[in-house]
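Structure first, commentary second.
The values are calculated or read from the model by the stated rules, or taken from the named source; none is laboratory data. Just so it is clear, the structure is predicted and the values come from calculations on it, not from any experiment. With ideal geometry, Cβ positions are generated from the backbone for all residues, glycine too; neighbour counts draw on all protein chains shown.
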Amino acid sequence: MSLPMLQLALDNKTLKDALNSTRILASEVDVIEAGTILCCSEGMQAVRCLKSLYPDKIVLADIKAADAGSILANMVYDNGADWMTVICCAPIATVETALKEARKRSEQDGVPRDVQIELTGSWTWEEAAAWKKAGVSQIVYHRGRDAQAAGQGWGREDLEKIARLAGMGFALSITGGLVVEDLPLFKDFPIKVFIAGRSIRDAADPVAAAREFKAAFKKYWG
């Protein structure tokens with residue numbers, strides 16, 4: 001299996017705070033995420049700034065689009081995003097129109113663009129099949145912030161769903177309060193990206209924390 005990539009989640013309330021993290025961590029990660037909180041606070045300026053500063057990194061706009069797929073896809077791609085998220089409860093038409101823009105931009109610019117389905121909230125296997133049929137290649141399996149705060153850990157049901165999604169051919173990103181100690185839970189799956197925010201941003205030594213993730217990737221997927 002290929003080594004997973006490491007994604008830095010910037011769910012900061014201000015762009016200034018987010019850039020304080022990227023100055024330290026950009027060279028240690030593969031994907032830089034303008035998180036939902038940051039996008040709500042700072043708008044597309046955050047996406048534009050991150051891509052301008054780090055043109056060689058994949059920049060994700062985690063906007064969790066629920067409607068207006070074409071309009072929002074144009075917004076994020078106009079501002080330099082490589083990937084964007086659509087929330088799992090969005091109508092399939094929203095997924096399809098966002099994907100259409102991603103494909104059009106990929107052809108026009110020669111830069112790969114993509115749409116991820118963010119599994120935050122309720123979804124069904126029938127919807128997963130529809131995403132696959134529409135051409136979705138990436139899924140974000142998300143243990144939500146509020147669920148974490150309520151004490152919800154990673155359980156057998158999560159792993160069974162991840163296994164089934166991988167079996168359907170989706171490339172998986174895993175997120176939700178991840179720490180290095182969680183990684184062995186996923187070692188049997190071909191994970192594309194692990195997403196870490198507070199566990200590396202707020203560490204006493206953020207660089208060492210990021211490198212610990214990378215070392216674990218080599219240990220379990222190397």
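Out of all the residues in segment 199-217, which are farther than 18 Å from Leu3 by Cβ and in contact (Cβ under 8 Å) with a residue 40 or more places away in the chain?
Residues satisfying the conditions are Arg201, Pro206, Val207.
Given the condition among the hydrophobic types (A, V, I, L, M, F, W, C), touching a Gly at 6+ places or on another chain (Cβ under 6 Å) and either closer than 30 Å to Pro184 by Cβ or surrounded by 17 or more Cβ atoms within 10 Å (Cβ to Cβ) (or both), answer yes or no: does some residue in segment 22-35 qualify?
Checked against the condition, which is being among the hydrophobic types (A, V, I, L, M, F, W, C), touching a Gly at 6+ places or on another chain (Cβ under 6 Å) and either closer than 30 Å to Pro184 by Cβ or surrounded by 17 or more Cβ atoms within 10 Å (Cβ to Cβ) (or both), segment 22-35 yields no hits at all.
Being surrounded by fewer than 20 Cβ atoms within 10 Å (Cβ to Cβ), modelled with pLDDT of 95 or more and either farther than 18 Å from Ile139 by Cβ or among the aliphatic types (A, V, I, L, M) (or both) is the filter here, so list the residues in segment 183-198 that pass it.
Once the filter is applied, which keeps residues that are surrounded by fewer than 20 Cβ atoms within 10 Å (Cβ to Cβ), modelled with pLDDT of 95 or more and either farther than 18 Å from Ile139 by Cβ or among the aliphatic types (A, V, I, L, M) (or both), segment 183-198 yields Pro184, Leu185, Lys187.
Return yes or no: is Ala149 under 27 Å from Arg23 (Cβ atoms) and either aliphatic (A, V, I, L, M) or modelled with pLDDT of 95 or more (or both)?
For Ala149, the condition - under 27 Å from Arg23 (Cβ atoms) and either aliphatic (A, V, I, L, M) or modelled with pLDDT of 95 or more (or both) - is not met.
Within 23 Å of Val29 (Cβ to Cβ) and acidic (Asp, Glu), is that true of Asp67?
no
What's the total number of residues in segment 1-13 that are farther than 19 Å from Lys64 by Cα and exposed (fewer than 15 other Cβ atoms within 10 Å of the Cβ)?
Count: 3.
Would you confirm, using the coordinates I've provided, whether Asp30 is under 21 Å from Lys192 (Cβ atoms) and without any contact (Cβ under 8 Å) to a residue 24 or more places away in the chain?
So Asp30 does not fit the description; no.
Among (1) at pLDDT below 95; (2) surrounded by fewer than 13 Cβ atoms within 10 Å (Cβ to Cβ); (3) hydrophobic (A, V, I, L, M, F, W, C), which single condition is Trp154 missing?
For Trp154, the failing item is (2).
Would a scan of segment 69-84 turn up a residue that is among the charged types (D, E, K, R) and in contact (Cβ under 8 Å) with a residue 40 or more places away in the chain?
No, that holds for no residue.
Condition test on Ala65, is it in contact (Cβ under 8 Å) with a residue 40 or more places away in the chain and among the small types (Gly, Ala, Ser)?
no
Can you name every one of the helices (runs of 4 or more DSSP H) wholly within segment 1-120 that holds 3 or more residues which are more than 14 Å from the chain's Cα centre (by Cα) and within 25 Å of Trp131 (Cα to Cα)?
69-78, 92-109
Within segment 115-133, work out how many residues are modelled with pLDDT of 95 or more and buried (at least 20 other Cβ atoms within 10 Å of the Cβ).
Summing the residues that are modelled with pLDDT of 95 or more and buried (at least 20 other Cβ atoms within 10 Å of the Cβ) in segment 115-133 gives 7.
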